[in-house]
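J.: Handing you this structure, nothing more for now.
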């Protein structure tokens, strides 16, 4: 595994991201807005991904919520995998006794990605960024 990253889902992500940048400092990077992406139709202007890089070792992901906000379910953990084999193994193990929220699939950001809630109620985003 290359990285473990908190991923905070919040209403009014842009405002929250700017607030946390004010608190922690750092640089806002990799902002992706829902506009023009079919699966986010009706949610124009919302952030589907953004990052606050506080320093090289501390990055927090942020995104708008696209469903009713449930307290305790709005902080997920993103795992940036080292290999496709590692991704497949962890996906298989977590989904065995868990609940798949997004099937393992190819993405528009050139990665394989899945979302699984484990048997203890923790939500994991599994990502393997392809080369090239």
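J.: Given a 10 angstrom Cα cut-off, can you work out which residue in 39, 102, 81 is the most mobile in a GNM of the chain?
T.: Among 39, 102, 81, the largest GNM mean-square fluctuation belongs to 39.
J.: Between the helical axis of 13-24 and the dominant principal axis of the chain, each derived from Cα atoms, what acute angle in degrees is found, rounded to the nearest 10?
T.: Its long axis makes an angle of about 80 degrees.
J.: Where does each of 109, 76, 124 land when they are ranked from fewest to most other beta-carbon atoms within 10 angstrom? Write down the numbers at each step before the final one.
T.: Working: 109 12, 76 19, 124 22.
Least to most surrounded, the residues fall as 109, 76, 124.
J.: Along Cα→Cβ, 7 Å out, is where each label goes; now give me the distance between the ones at residue 65 and residue 38 in nm to one decimal.
T.: So the two model labels end up 2.9 nm from each other.
J.: Run the quick spin-label model on residue 3 and residue 24: label points 7 Å from Cα toward the beta carbon, then report their separation in nm to one decimal.
T.: Once both label points are built, they end up 1.2 nm from each other.
J.: Moving to a separate point now. Give the order of 58, 13 when sorted by the count of other beta carbons within 10 angstrom, beginning with the fewest.
T.: 58, 13
J.: Another question about this same structure. Once you place label points 7 Å from the Cα toward the Cβ at residue 92 and residue 53, how far apart are they in nm?
T.: Between residue 92 and residue 53, the label points sit 3.5 nm apart.
J.: Most exposed first by the Cβ proxy, i.e. fewest other Cβ within 10 Å, how do 90, 28 rank?
T.: 28, 90
J.: Given an 8 Å cut-off on Cα distances and at least 6 residues of separation, report the relative contact order of the stretch 1-64 as a percent.
T.: Working: 109 pairs, mean separation 25.4, N = 64.
With pairs under 8 Å counted, the relative contact order is 40 percent.
Every number in this text was worked out from the coordinates using simple rules, so none of it is lab data. Quick caveat, the model's predicted, so the values are computed rather than measured. Ideal geometry is used to build each Cβ from the backbone, glycine not excepted, and the neighbour counts take in all protein chains shown.
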